[in-house]
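Comments concern the structure below.
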Amino acid sequence: MEFPTTLIELQGRFPDEESCWRYLKEVRWPEGFRCPHCGGAEHSYLEARRLFQCTGCRRQTSVIAGTVLHRTRTPLRKWFLAMFFFARHKQSISALQLKEDLGLGSYGTAWTMLHKLRAALGRRPHQLLKGDVEADETFVGGPRSGGKRGRGAPNKTMVLVLVERREQSAGAAVLQTIPDGSFDSLGPELRGAIEGENTTIWSDDWSGYLPLARHGVKHRSQIQRTPERAAKILPWAHVVASNLKAWLLGTFRGVSPKHLQRYLDEFTYRFSRRGIADQLFFYVARRAVQGEPLTYHRLTAESAG
Ligand SMILES: [Zn+2]
């Protein structure tokens with residue numbers, strides 16, 4: 001499938017609701033309709049309401065049913081523009097900017113659209129890291145100093161940074177919020193993010209990583225001593241952490257801790273696909289129609305704890 005790379009191309013390819021709808025249908029069901037309830041392929045089509053009716057279970061499905069676009073009242077064309085801007089701008093787009101660019105009724109609508117797109121990206125099947133993987137923690141938000149690794153710090157969120165170390169560059173990355181730097185917190189996240197056999201974890205000498213070897217993870221630690229040396233022994237983890245902070249500050253001017261993980265998912269997604277940025281529109285569109293529904297209510301309530 002061709003990817004629109006300019007706004008003019010996008011407008012030419014998707015001039016109306018019908019063309020957007022066809023594209024989503026193609027992306028969601030490239031082999032033809034499949035009932036999301038029973039998996040059946042036989043169906044009839046109710047043209048006036050653009051609904052598929054499953055012959056097996058009789059249930060009706062729209063192309064956006066059960067996706068992050070579920071029950072949206074925003075026209076698909078606006079969603080396509082949002083996906084385009086989201087994918088196109090290397091640094092992402094703020095809700096305020098999107099509201100103005102699309103002429104949306106409220107900031108809340110723009111905010112929700114962007115979070116739904118982020119959520120769609122975050123729900124992808126996880127790409128496991130392998131090879132040499134640097135592990136480190138960083139703090140996001142809150143005042144600059146006073147972070148404590150073992151217990152976390154008030155107003156700050158600890159983020160576990162995992163990034164593949166290639167010869168001259170970084171590979172894929174995973175960023176995950178954790179309550180503190182203990183092994184109980186970082187161990188399961190770290191182990192879930194890597195291919196066990198083919199991975200060696202590189203860290204500094206923080207005690208939270210020491211039990212890794214006992215859990216069968218190949219692990220090398222180096223003594224940190226000074227902050228300057230920290231950047232030397234884990235160069236890519238430091239690059240990722242500082243890029244992340246610059247991105248959060250520059251694009252969003254601060255992010256609430258309860259929504260931070262979705263921003264991390266967006267950052268990771270962009271970072272891991274930085275070589276194929278021109279295809280992001282397609283990836284975002286595909287994730288949007290393959291994900292599960294996420295209502296505004298769930299968006300704001302789900303991570304309240
Ligand atoms: Zn069915």
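For region 1-46, just say rounded, prolate or oblate: build the C-alpha gyration tensor, square-root its eigenvalues into a ≥ b ≥ c, call rounded for a/c under 1.5, and beyond that prolate if a/b exceeds b/c, oblate if not. Verdict is prolate for region 1-46. Once the Kirkwood radius over Cα pairs is known for the chain, the Stokes-Einstein relation at 20 °C and 1.002 mPa s delivers a diffusion coefficient of 101 µm²/s.
Residues T157, T55, ranked from the fewest to the most other C-beta atoms within 10 Å, line up as T55, T157. Could you give me D for region 47-102, from Stokes-Einstein at 25 °C and 0.890 mPa s, where the hydrodynamic radius is the Kirkwood radius over C-alpha pairs? Units µm² s⁻¹, please. This corresponds to a translational diffusion coefficient of 182 µm²/s. The aspartates and glutamates whose alpha-carbon is closer than 18 Å to the alpha-carbon of K130, local same-chain residues fewer than 8 away aside, are E164, E167, E189, E195, E197.
Beta bridges assigned by DSSP with both partners in region 159-292 are antiparallel in approximately 55 percent of cases.
For A172, nonlocal amide neighbours, meaning residues 5 or more places apart or on other chains whose placed amide H falls under 5 Å from its own, are E164. Counting only complete DSSP H runs, which helices of the chain cover 24 Å or more along their long axis at the Cα atoms and score a mean Kyte-Doolittle of 1.0 or above? The answer is none, since no helix passes both cut-offs. Could you tell me the relative contact order of the chain? Use alpha-carbon pairs under 8 Å, at least six residues apart, and round to a whole percent. Relative contact order comes out at 22 percent. Counting every other Cβ atom within 10 Å of each residue's Cβ, L102, L186, L7 order from fewest to most as L7, L102, L186.
Mind running the shape call on region 165-296? Use the C-alpha gyration tensor, a ≥ b ≥ c as the square roots of the eigenvalues: rounded below 1.5 for a/c, prolate if a/b tops b/c, oblate otherwise. Since a/c reaches 1.5 and a/b is larger than b/c, the shape of region 165-296 is classed as prolate.
Sum -39500 (n - 2.57) across every DSSP H segment of at least 4 residues in the chain, then divide by the residue count to get the 222 nm mean residue ellipticity, nearest 500. Mean residue ellipticity, 222 nm, calculated: -11500 deg cm²/dmol. Just checking the listed ones, E47, E17, E100: in the Gaussian network model of the chain with Cα springs under 10 Å, the one fluctuating most is E47.
Result for the chain in a Gaussian network model with C-alpha springs under 10 Å: among L128, L24, L46, the largest mean-square fluctuation is at L46. Remark on L129: its backbone amide H falls under 5 Å from those of I194, E195, a criterion applied only to residues 5 or more positions apart or on other chains, H modelled at 1.01 Å from N. Each residue of region 200-214 is assigned a 3J(HN,Hα), and the resulting list reads 10, 8, 10, 9, 7, 8, 4, 4, x, 8, 4, x, 3, 4, 4 Hz, derived from the Karplus form 6.51 cos²θ - 1.76 cosθ + 1.60 (θ = phi - 60°), x at Gly and Pro. The tail of the calculated P(r) for region 220-268, taken as Cα-Cα distances beyond 16 Å, holds 48 percent of the pairs. Here the Karplus curve 6.51 cos²θ - 1.76 cosθ + 1.60, taken at θ = phi - 60°, turns the phi angles of region 215-226 into couplings of 9, x, 9, 5, 9, 10, 10, 10, 6, 7, 6, 10 Hz, with x standing for Gly and Pro.
Going from the fewest other Cβ atoms within 10 Å to the most, the residues R88, R49 appear in the order R49, R88.
Read-outs: derived from the displayed coordinates by stated rules, not from any lab. Note that the coordinates shown come from a computational prediction; the quantities given were computed from them, not determined experimentally. Don't worry about glycine lacking a Cβ; one is built from the backbone with ideal geometry, like all the others, and counts go over all protein chains shown.
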